[in-house]
Structure formats: structure tokens, C-alpha cells
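Visitor: Mind having a look at this structure? Questions to follow.
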Amino acid sequence: MHALLDELRIELPSWAFGNSGTRFKVFGTPGTPRTVWEKIADAATVHRVTGLAPTVALHIPWDRVDDYAALAAHAREHGVALGTINSNTFQDDAYKFGSLTHVDATVRQKAIDHHLDCIEVMHQTGSRDLKIWLADGTNYPGQGDIRGRQDRLAASLATIYRHLGEDQRMVLEYKFFEPAMYMTDVPDWGTAYAQVSALGERAVVCLDTGHHAPGTNIEFIVAQLLRLGKLGSFDFNSRFYADDDLIVGAADPFQLFRIMFEVVRGGGLDARSGVALMLDQCHNVEAKIPGQIRSVLNVLEMTARALLVDVDGLVAAQEAGDVLGANGIVMDAFYTDVRPALAQWRTERGLPADPMRAFAESGYQQAIDAERVGGTQSSWGA
Ligand code: PSV
Ligand code: MN
């Protein structure tokens, strides 16, 4: 296996361990965490069997606690650390017509203050990244002034950026629609790039793989943002139709391979690149902990295949105009079954050869099913 595989780190979202669903129904599952403390214990289980997921992202206010230093210590005791802090300006009545873009300065200030609170949390957790996804947008032509909203967004982001600590970054996520249906204020990588470029070096873009129109060439965006030095992080998931938030690589493993190939090509696996690979998923009907294990393994598997591409041969074929030869080199890597080699790679590192099986045999699920009775199960939005 390629040495760079040892650099792979995948951050888990705390909310993947809570219940989630669609607007039609959220199904509860035995063993679902009631608190962020329990979510972190579950996330640590994924790291124990994969060795690939040493950090957990939090969502504020879903994961609000009184003592973040204690939460960080709890994570450490479980063998993981706290990672990205995600802000949330999409579930408060005040934000009906926008948050950082709102026409009313009082509402904008409330949204800015929430981000300053998140920065305070980051100081206590030791987190590097503040990730911002905005639900801001409009549903009807004429409802809002597109340009005015961009200007207010720029001003709000600049205020937040000024408050970041020296080692902290702002990561701006884009999404082309939903909940706004006509116009979203940060709909695409170009807008996110324009906004973060105006701020400075420590403002970068988050690429959520589910946030593009069907047919979008996502690996092109990866290559371009890496080239521009502005790819801050990924929110990995997969989609069949809209923003499905399904297990990464489930809908289109080849797309995940192509994305990881561009990450490798652009130096994004090197820790110094600052690119954070995160999952942003929900497990609505499947078991959550194995769902996260499978996701981590899918990223590992496609990264291992991407690292198999014979780059020298590829460049030679490209330069010779050998279209089929170049394509054949890429496809050879994609079609290589790396699973036996990865089992061996894990064994050499003292990890279970089969993490899914190791978790199933660990008895952890049965223990939490029995222990976590009563209380209110965590869910998306709580
Ligand atoms: C928005 O759809 C998003 O992708 C953002 O990253 C949010 O923080 C996350 O979903 C919540 O699941
Ligand atoms: Mn996301």
C-alpha cells in the first residue's frame, strides 16, 4: 500500500450518531445517544476499529454543553479529539428571511454573535475550523435583492473573520438549493471562493459532495480549489437525487475514486495542505455506528485505489495524446480490488482486518441498547 495512506484522517460528524430522517418521519433506534457525551463514545468506537477517525465535529447548538474543556477531556479519554465546530443559523425563528444576509442589522448581529460564541467554543475545545453553512436565500424572484444580500454577507463574514484566533480558520460551505428554492446566497464554489478570497488566507471553502446539481463534475471543483489553495474541507456523503446525505461512495464509488484521485494529485492528503476530510451524513434506516464504519472504509478504499494510478505512465500517455491509454491507466486503478491488501495493511497496524465484523463481535451495540433506556434520543436538530 502507498505510504500516503498512513496520512488519511477522516473526521466524523456527531450528528451521524443521532436519529435522523426525512420531513415525513424520523425513526428511533435502540442505543441512540441521548447526549453529546454518548455521541462521542460512539464515534470513538469507529476510530477504535478503523484507526482512521481520530476527530469528531460538533454542531452548535445541537451539542451545546456547559463545559467544553470537560467535553474535550472526555473525548481524549475515549481516544479521540474534538474537531470542526459547525455553526447553525437555520433553526431560529429570527432567521426566517436570512441570517448573515438579513436586511435587519439586529438579526445580522444575532447571527454574528452566534459565530463569536462558536469561536469561544473553539478556544475551549482546541478546534481549528469554524464551518459555516447558511440556509439564507429566497423562494421567489423579487423577494430579495441578490446583490445587497451578497454585500451584507461579505460584511458579516468579515466581522466574524476578524475575531478568529491566529490558528483558526473559517470554512464556508456552499449548497445550490434547499431550503431556499429560488436563490441561495452561497450556492456554488465560485461564490464561496469569491467571499472567502476577500477575507484572507485563513478563510477557505468546504465542498459537500451532495451539494451540486446532477451531472456536476465535482472532481474538477476539487482540482480547481486545490490549485487556488482554497480547498479547506470536504463534507462527504452521496446522493441519488438531492442532498440525500447517504453513505459516501454508496451511490457512485467511481465518483468518490475520481474525487480522491484529484485530492491526491493536488497534494490534499498531505497534512500541511490543511484539507480536512469529513463526513456529513445521516443514517436514517441503517445502523449508525456500522454506517459510519462503512463510510470511513469507503473513503479508505477509494483513496487506496486512487493511489494506485500510475502517474508517470498517465502523464506520458496524456502528453502523447494517447486518449485510450490514459483512460486505461485510470480505469485499471479503479478496477483493482484493494480489499485484501487493506486487510493486511490494517493487521500490520494492529487494527482488526475486518472492522465491520470486529464491531459486530465487540458487543458494543448490545451494551448501548441495554444501557441507553429512557431519556430523549438525540436527533438532527436537537
Ligand atoms: C447543509 O445541508 C449541511 O450540509 C451543512 O453542512 C449542515 O451543517 C449539515 O448539513 C447538517 O447536517
Ligand atoms: Mn454539509
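Just so you know, all these numbers are worked out from the coordinates, no wet-lab data involved. Note that this is a predicted model, so its numbers are computed, not measured. Don't worry about glycine lacking a Cβ; one is built from the backbone with ideal geometry, like all the others, and counts go over all protein chains shown.
Visitor: Would you kindly state the longest site-free stretch of the chain, with sites defined as GluC sites (Glu not before Pro) in a DSSP loop (not H, G, I, E, B) surrounded by at most 15 other Cβ atoms within 10 Å?
Guide: 1-165
Visitor: Also: Calculate, axis by axis, the spread of Cα positions in the range 1-103 along the three principal axes, and write the results as whole Å, longest axis first.
Guide: Each principal axis gives a Cα extent; for the range 1-103 these are 52, 34, 31 Å.
Visitor: Still on this structure, please answer the following. Considering only the chain, what is the antiparallel percent among its DSSP beta bridges, to the nearest 5?
Guide: Here the share of antiparallel DSSP bridges comes out near 10 percent.
Visitor: If each DSSP helix of 4+ residues adds -39,500 (n - 2.57) and the sum is divided by the residues in the chain, what number results at 222 nm, nearest 500 deg cm²/dmol?
Guide: Only helices count here, giving -13000 deg cm²/dmol.
Visitor: Could you list the trypsin sites (Lys or Arg not before Pro) in the range 30-117 that lie in coil according to DSSP, counting only those with at most 10 other Cβ atoms within 10 Å of their Cβ?
Guide: Here the trypsin sites (Lys or Arg not before Pro) that fit, given the DSSP loop and packing criteria, are LYS96.
Visitor: Apply the Kirkwood formula to the range 260-309: the hydrodynamic radius equals the inverse of the mean of 1/r over all pairs of different alpha-carbon atoms; give it in Å with one decimal. List each step's numbers first, then the result.
Guide: On the way: mean 1/r = 0.0820 Å⁻¹.
Computed over the range 260-309, the radius equals 12.2 Å.
Visitor: What aspartates and glutamates sit close enough to LYS230 to cross-link, taking a C-alpha to C-alpha distance under 13 Å and skipping anything fewer than 8 places away on the same chain?
Guide: GLU173, GLU201
Visitor: Where does the longest stretch of the chain lie that holds no chymotrypsin sites (Phe, Trp or Tyr not before Pro) found in a DSSP loop with 14 or fewer other Cβ atoms within 10 Å?
Guide: Excluding the exposed sites themselves, the longest stretch runs over 242-334.
Visitor: For the chain, calculate the relative contact order in percent as a whole number, restricting contacts to Cα pairs under 8 Å that are 6 or more residues apart.
Guide: With pairs under 8 Å counted, the relative contact order is 21 percent.
Visitor: A further question follows. If you take the beta carbon distance between ALA198 and ARG227 as r and set R0 to 25 Å, what does 1/(1 + (r/R0)^6) give as a FRET efficiency, to the nearest 0.05? Present the calculation step by step, with values, prior to reporting the outcome.
Guide: Details: r = 19 Å, r/R0 = 0.75.
So, using R0 = 25 Å, E works out to roughly 0.85.
Visitor: What number results when the radius of gyration of the chain, computed over Cα atoms, is divided by 2.2 N^0.38 Å?
Guide: 0.99
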